[in-house]
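**Student:** Got a structure for you, written out below as structure tokens; questions coming shortly.
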Amino acid sequence: MSAIHEGGTLGAVYTDAKGKIIDVSQSFCDHFLENKESCLGKYIHQLIHEQEADREIIAGQIGDVACLFRMVEQSECRVYYVLLRIDEVDRRNFKDWVARNYAAFRAKREKSSSTMSEIVGESEALVNVKELAAKIATSDSTVLLSGESGTGKELFAQAIHESSSRSNHPFIAVNCVAIPDELFESEIFGYEAGAFSGAKKGGKPGKIELAQHGTLFLDEISELSYLSQGKLMRVLQEREVERLGGTHSVNVDIRVIAATNKNLQQLVQAGKFREDLFYRLYVFDLHVPSLRERKGDLMTLARTFIEHFNHMLGRDVEDIAPKLQSQMLAYDWPGNVRELRAFIERGMNITEGSWLEHEHVSFSTAANHPTAVGVVESSNTHQRLDEIVQSAEKEAIQRALKSAGGDRSKAAIQLGIHLSSLYRKMTKYNVD
């Protein structure tokens, strides 16, 4: 058993499924024991006195020596690798190492395993974005994800991370809306012990340090205050961070992916977003299409959610009734994929049959969107689904152009698509 690769650790302890020690490596004996016979047959908790455990990572002691362990499940046993011992490293470096790597292991275990292939949909709009995202993933350049709320920007951020060379390192997501301005520095940069009243003993690493060698995802970056934008800009420019109350800087190696549902260029012109930060972020601008732009994916997404909730709720729903499909295809879905998921979840909680029907669901904003129900009910429900999608897109473009007084740039903004996409669709549907 000791022939199993120890990866440069201080040794390994092997137990059976009940935790009884069945073997120890020679390197473990060299560091901690006179001979292996002294611990064989004991239980692991008699050898490693745990202080804090979370499945894979264990901070504990062997005798009076504090150590950090990693537990790995093998086919017939458990292996406890000794990663380091505190008496052989600087105490401050030990604490920082634990904070960074413990967070990394947890983030790796808990995060979504999203990859490009797992982003559901085959519409032209989505495929183009997925292809570009896959190319972007191979570099370390900053990415700005733009698009309406609920389109799946974080899903793309995770997929880019998973497809990159940084995939074995943490993906740390920061919701900029949820961080008050007065807490920005302590949350993002971290703090030292005694930096302020109530600071944790030993300090705390910030989100940037936790993302070391991985990806920092800044969601809704437009919501940061102008002052916080300046502080973030300095870190992105200098690639180093100093904790609040600290006296030295730490070099950081991170990739930054930011997301926004607002037009940052307009915010720059209005003096609400720093121009230098905008250009620091605006290396790759990846526009995640709204559900209106990818109606061809609607039913595929809906059926994916049905499969998910069948498993979660113990249902056996096979499909969506044709009449409801027509209504769904004519609806604007202002909340995008997030709204569709909630829509399906509501119906799945109510239905008891094998079909999802109109009476099981409700269009949350139907009153504000005349295309949601009424128009479809009076239309030909025997149309092919692709014909319904094309008709809905053409009508939406015509309404936007009329509302914008013929200004195609304004119409594109109203529709939430790029101007080039609008021109392609106008040509496709012969719209003047």
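The values are calculated or read from the model by the stated rules, or taken from the named source; none is laboratory data. From a predicted model like this one, the values you see are computed outputs, not experimental measurements. Cβ: placed from backbone, ideal geometry, glycine included. Neighbour counts: every protein chain shown. Heavy atoms of the whole protein, side chains included, go into the accessibility calculation; ligands, DNA and RNA do not. Shrake-Rupley method; radii C 1.70, N 1.55, O 1.52, S 1.80 Å.
**Student:** For K201 and K410, what is the calculated FRET efficiency with R₀ set at 45 Å and r taken between the beta-carbons, to the nearest 0.05?
**Tutor:** E(calc), rounded to 0.05, equals 0.20.
**Student:** Out of residues 5 or more away from H287 or on other chains, whose amide H comes under 5 Å of its own, with H placed 1.01 Å from N in the peptide plane?
**Tutor:** S146
**Student:** Using a basic spin-label model with each label point 7 Å from the Cα along Cα→Cβ, how many nm lie between L183 and V72?
**Tutor:** 3.8 nm
**Student:** With r as the distance between the Cβ atoms of Q398 and T142 and R0 = 35 Å, compute the FRET efficiency 1/(1 + (r/R0)^6) and round to 0.05.
**Tutor:** With a Förster radius of 35 Å, E is 0.40.
**Student:** A follow-up question, please. Which whole-Hz ³J(HN,Hα) couplings does region 246-261 yield from phi under the Karplus relation 6.51 cos²θ - 1.76 cosθ + 1.60, θ = phi - 60°, glycine and proline marked x?
**Tutor:** Once rounded to whole Hz, the list reads x, 10, 9, 9, 10, 5, 10, 10, 9, 9, 10, 10, 10, 9, 8, 9.
**Student:** Roughly how many Å² is the accessible area per residue of region 235-368, as a whole number, for a 1.4 Å probe?
**Tutor:** Ligands and nucleic acids excluded, the figure is 48 Å² per residue.
**Student:** Separate question: Could you list which residues have their amide H under 5 Å from that of G11, counting only those 5 or more apart in sequence or on another chain, with H placed in the peptide plane?
**Tutor:** Amide H neighbours of G11, under 5 Å, 5+ apart: V82.
**Student:** Can you list the HN-Hα couplings for region 147-153, worked out from phi with the Karplus curve (6.51, -1.76, 1.60; θ = phi - 60°), rounded to whole Hz and with x for Gly and Pro?
**Tutor:** So the J values, rounded to whole Hz, are x, 5, 4, x, 7, x, 5.
**Student:** List the pairs from K262/K410; K130/K394; K402/K425; K262/K402; K394/K428; K130/K153 whose alpha-carbon separation is above 19 Å, in the order I gave them.
**Tutor:** Result: K130/K394; K262/K402 exceed 19 Å.
**Student:** Also, quick follow-up: Explain nothing, just compute: Karplus ³J(HN,Hα) = 6.51 cos²θ - 1.76 cosθ + 1.60, θ = phi - 60°, for every residue of region 224-238 in order, whole Hz, x for Gly and Pro.
**Tutor:** 5, 5, 4, 5, 5, 4, x, 5, 5, 4, 4, 5, 5, 7, 8
**Student:** Mind listing the long-range amide H neighbours of I320? Cut-off is under 5 Å, sequence gap 5 or more, other chains count too, H placed in the peptide plane at 1.01 Å from N.
**Tutor:** Excluding prolines and chain starts, which carry no amide H, the hits are L356.
**Student:** OK, next. Can you pull the accessible area of T304 for me, 1.4 Å probe, Å² to the nearest 10?
**Tutor:** That residue has around 50 Å² of solvent-accessible surface.
**Student:** So, one more: Full-extension gain between R346 and V120, please, as 0.36 nm times their residue separation minus the C-alpha to C-alpha distance.
**Tutor:** 79.3 nm
**Student:** Separation between the N263 and K323 pseudo-spin-labels, each 7 Å from Cα along Cα→Cβ, expressed in nm?
**Tutor:** According to this spin-label approximation, the distance is 4.2 nm.
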